[in-house]
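Visitor: Mind looking over this structure? Questions follow.
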Amino acid sequence: MGKLFRGLFWIAAVLVVVGGIGRAVFVDVWVLPDDPKTSASVAPSLAGGDTILFMRRNKPAFGDLVRCTDPEDATHFVVGRVVGLTGDIVEANGRELSVNGTRYISEMACVESKVSVPHPSSGSPVDIRCDQVQIAGHPHFRGFSEKVTGVTPTKATVGQGMVFLLSDDRSYHDDSRDFGTVPADSCTGRIVFRLWGKEGWGDDKRRMTFVQ
């Protein structure tokens, strides 16, 4: 009974917090699709099946983790980190990133150095390494696999009104390296909080966490 009451307490607390925030800005709740492609690309920051809270905003900012309309299927969404705005020169090579000549490199290890994700094609579990990179003054998780080789470098100049998206999983990605830049006005949801993972409230490692 103790666990039940604690669970009810936290659910009530979440509702109060969400209601309070909603009075100031428009927020919404979304469940990330639980498919191998999505689960791999959003790791290690998120995982497929996560219930997340996002703020609606018209202008995505550099470093934001955003939800955008999928340029290849307007009925779906993609999740990526904004690493290029109008006029920026973005260079991505595997796990490496450079924007306007500034390199964004690992500055801190993750608590868990390895994370298991489903392979985007087979769905079989594969391990990726995790570290943290400072982008826009905040640490963000970065995943990569040392087994993925033969990566083709990407260099792009971001056009007017467009953004360059980069998956936090740099190896098993679904981002602008695959489908090009996307309209900034299609990215209206900035992901800020995970309410719980696909296993529900009982998974205490994946509930009530801020997403940077």
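The values are calculated or read from the model by the stated rules, or taken from the named source; none is laboratory data. Quantities reported herein were computed from a predicted structural model and do not represent experimental measurements. Virtual Cβ from ideal backbone geometry, glycine too; neighbours counted across all protein chains shown.
Conditions (1) in contact with a helix residue (DSSP H, G or I) (Cβ under 8 Å, 6 or more places away or on another chain); (2) surrounded by 14 or more Cβ atoms within 10 Å (Cβ to Cβ), marked per residue:
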| position | (1), (2) |
| --- | --- |
| T102 | no, no |
| I105 | no, no |
| E112 | no, no |
| A136 | no, yes |
| V163 | yes, yes |
| S171 | no, yes |
| G197 | no, yes |
| D204 | no, no |
| F210 | no, no |
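Visitor: Quick one: in segment 41-59, which of the residues that are aliphatic (A, V, I, L, M) and part of a strand (DSSP E or B) is surrounded by the fewest Cβ atoms within 10 Å (Cβ to Cβ)?
Guide: The residue in question is M55.
Visitor: Can you give me the number of residues within segment 136-151 that are β-branched (V, I, T) and farther than 28 Å from A61 by Cβ? Give the steps one after another, and end with the answer.
Guide: Initial filter on segment 136-151 (β-branched (V, I, T)): 148-149, 151.
Subsequent filtering for residues that are farther than 28 Å from A61 by Cβ retains 148-149.
Count: 2.
Visitor: Continuing with the same structure: Is it the case that some residue within segment 26-39 is modelled with pLDDT under 95, assigned to a strand (DSSP E or B), exposed (fewer than 12 other Cβ atoms within 10 Å of the Cβ) and not aliphatic (A, V, I, L, M)?
Guide: no
Visitor: Give H119, H138 a once-over and let me know the one that is within 26 Å of K205 (Cβ to Cβ), touching a Gly at 6+ places or on another chain (Cβ under 8 Å) and touching a residue at least 12 places away in the same chain (Cβ under 8 Å).
Guide: After ruling out the rest, the residue left standing is H138.
Visitor: Return a yes/no flag: does segment 143-152 have any residue that is surrounded by fewer than 17 Cβ atoms within 10 Å (Cβ to Cβ) and part of a strand (DSSP E or B).
Guide: The answer is no; no qualifying residue exists.
Visitor: Has segment 190-197 got any residue that is of a type in the set (G, A, S), modelled with pLDDT of 90 or more and either outside any loop (DSSP other than H, G, I, E, B) or touching a strand residue (DSSP E or B) at 6+ places or on another chain (Cβ under 8 Å) (or both)?
Guide: Taking segment 190-197 first, the residues of a type in the set (G, A, S) are 197.
Within this subset, residues satisfying the condition of being modelled with pLDDT of 90 or more are none.
Scanning segment 190-197 turns up no residue that is of a type in the set (G, A, S), modelled with pLDDT of 90 or more and either outside any loop (DSSP other than H, G, I, E, B) or touching a strand residue (DSSP E or B) at 6+ places or on another chain (Cβ under 8 Å) (or both).
Visitor: Separate question: Would you mind stating whether S167 is among the polar types (S, T, N, Q) and surrounded by 20 or more Cβ atoms within 10 Å (Cβ to Cβ)?
Guide: yes
Visitor: Residues in segment 67-87: is at least one part of a loop (DSSP other than H, G, I, E, B), at pLDDT 95 or above and either in contact with a Cys (Cβ under 6 Å, 6 or more places away or on another chain) or loosely packed, with under 15 Cβ neighbours inside 10 Å (or both)?
Guide: Yes, segment 67-87 has at least one match.
Visitor: A further question follows. Just for segment 173-189: of the residues that are among the charged types (D, E, K, R) and part of a helix (DSSP H, G or I), which one is surrounded by the most Cβ atoms within 10 Å (Cβ to Cβ)? Talk me through it step by step, then tell me what you get.
Guide: Looking only at segment 173-189, we keep the residues that are among the charged types (D, E, K, R), and these are 174-175, 177-178, 185.
Imposing the further condition that a residue be part of a helix (DSSP H, G or I) reduces the set to 177-178, 185.
Values: R177: 20, D178: 14, D185: 14.
Per the stated criteria, the residue is R177.
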